[in-house]
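The values are calculated or read from the model by the stated rules, or taken from the named source; none is laboratory data. Only a predicted model underlies this, so the values are computations on that prediction, with no experimental measurement involved. FYI the Cβ positions are ideal-geometry reconstructions off the backbone, even for glycines, and counts take in every protein chain you see. What goes into the accessible areas is simple: the full protein's heavy atoms, side chains included, and nothing from ligands, DNA or RNA. Shrake-Rupley method; radii C 1.70, N 1.55, O 1.52, S 1.80 Å.
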Amino acid sequence: MDFVTLDDGDFTYGVADEILPGVSRVIAHNPSKFTYRGTGVYILGSDDDVAVIDPGPDLADHRSALATALDGRTVRSILVTHCHADHSPLAAWLAAESGAPTYAYGPHAGSVDEWDIGVLPDDFGRAPEPEPGSPEAEAAATEPKVEESTDFDFTPDVEVRSGDVVFEVPGLTVTALHTPGHTSNHTCFALDSDAAGKVLFTGDHVMGWSTTVVSPPDGHMGDYISSLRTVAGRSDAVAIPTHGAPIPDPARFVGDLVAHRLEREAQVLGAVRRGLSTIPEMVTDLYAAVRIELHRPAGASVLGHLVKLVDDGAVVASSGRPRLDASYAAA
Ligand SMILES: [Zn+2]
């Protein structure tokens, strides 16, 4: 994979930057291992009427940066890709300020099809505790503890489906594209404008700097790969993720993402066929070159692949529905 980076000199936190004609970006100061440089909020439209994609986290400095960026313009639509805490929380404030409706596939809907995914053994993937007072211990104490948490409070005013028009001004239309996988309600937004051409805002579905977390039960690898294929089959000139820089030639980039996921799936299936029956055994084998602190998230990712392999009939789980603590065999 050729990842796309966003470097420090390419942006200033909290300052609206026109990245394409009629498209400006404000980056919130919430960098982390999940959000990269932070949440990129996009403002699209004319000098008067605009839509805002993913208002972002509810942080005071970010709220005032958005207020400044939107000063003198009328917000007509608030578009939300999904309900992680770095994307949707400020939608409520912006809706109250502007009176504009919020649009999304639905609220975070994981509960519709959730099952108990179990737990990994407690001692699996734990780095040894650093010596008290050592530089490692100090670094661990100051590292921000940021999890990809869910905003269960968000409910859109308008529930959208693929093809629905969510914002329109002369010369510019935005439509929804449901892309489940990262979450079941994840939706991309497609801009078609005279000034900027065809641009797909991909949220967390396609990111340039990293692969996307797909963790069961709400994340679904089978859905994720089909949603990638949907995006790869489009004719967008550029894909713009929430985190990181615009991605040129999205069809090729997303085609590579599909190949990367299928390669990992083949490795997981190969591991099961070699007789590795538990997720810790598979992770220890497949992620041998990766730092031990990443083995627990890797376990969630392997579970994602096993859910698809069980759905496809290639693998069976001792628990029926795949769990982190089940054992697995080739079907
Ligand atoms: Zn997310």
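The table below lists the values:
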{"read-out": "Cα-based shape type of the range 37-87, given that a ≥ b ≥ c are square roots of the gyration tensor eigenvalues and the cut on a/c is 1.5", "value": "oblate"}
{"read-out": "Label-point separation in nm, ASP116 to THR12, each point 7 Å along Cα→Cβ", "value": "5.4 nm"}
{"read-out": "Dipole of the chain, positive direction: furthest Cα of ILE27, ALA100, VAL254, with charges on the beta-carbon", "value": "VAL254"}
{"read-out": "Relative contact order (%) - criterion: Cα under 8 Å, at least six apart; region: the chain", "value": "16 percent"}
{"read-out": "Linear extension gain, SER64 paired with ASP2, 0.36 nm per residue minus alpha-carbon span", "value": "18.8 nm"}
{"read-out": "Local electrostatic count at ALA271 - Lys and Arg +1, Asp and Glu -1, tallied over other residues with Cβ under 10 Å", "value": "0"}
{"read-out": "Residue-normalised accessible area of the chain, given per residue in Å² at a 1.4 Å probe", "value": "45 Å²"}
{"read-out": "Farthest positive-ward along the chain dipole, Cα basis, beta-carbon charges - from VAL307, ILE117, LEU200", "value": "VAL307"}
{"read-out": "Label-point separation in nm, HIS29 to SER226, each point 7 Å along Cα→Cβ", "value": "4.4 nm"}
{"read-out": "For the chain, size of Cβ-based charge dipole, Lys and Arg +1, Asp and Glu -1, in debye", "value": "960 debye"}
{"read-out": "Distance (nanometres) between label positions extended 7 Å along Cα→Cβ at SER210 and LEU294", "value": "1.0 nm"}
{"read-out": "Shape of the range 1-62, Cα gyration tensor, a/c cut at 1.5", "value": "oblate"}
{"read-out": "Mean ellipticity per residue at 222 nm, deg cm²/dmol - from DSSP H runs of n ≥ 4 across the chain, formula -39500 (n - 2.57)", "value": "-8500 deg cm²/dmol"}
{"read-out": "Translational diffusion of the chain, µm² s⁻¹ [Kirkwood Rh, Cα pairs; Stokes-Einstein; 10 °C; 1.306 mPa s]", "value": "76 µm²/s"}
{"read-out": "Stokes-Einstein D in µm²/s, Kirkwood radius over Cα pairs - the range 1-135 at 25 °C with 0.890 mPa s viscosity", "value": "142 µm²/s"}
{"read-out": "Estimated dipole of the range 43-98 in Debye, rounded to 20 [Cβ of Lys and Arg +1, of Asp and Glu -1, Cα centre]", "value": "100 debye"}
{"read-out": "Net charge over other residues, Cβ less than 11 angstrom from the Cβ of ALA330 (K, R count +1; D, E count -1)", "value": "+2"}
{"read-out": "Carbon/sulfur fraction of accessible area - the chain, other protein chains in place, 1.4 Å, %", "value": "51 percent"}
{"read-out": "Alpha-carbon centroids, the range 5-33 and the range 247-312: separation in whole Å", "value": "31 Å"}
{"read-out": "Relative packing of peptides 65-75, 230-240, 2-12 - highest average C-beta neighbours within 10 Å first", "value": "230-240, 65-75, 2-12"}
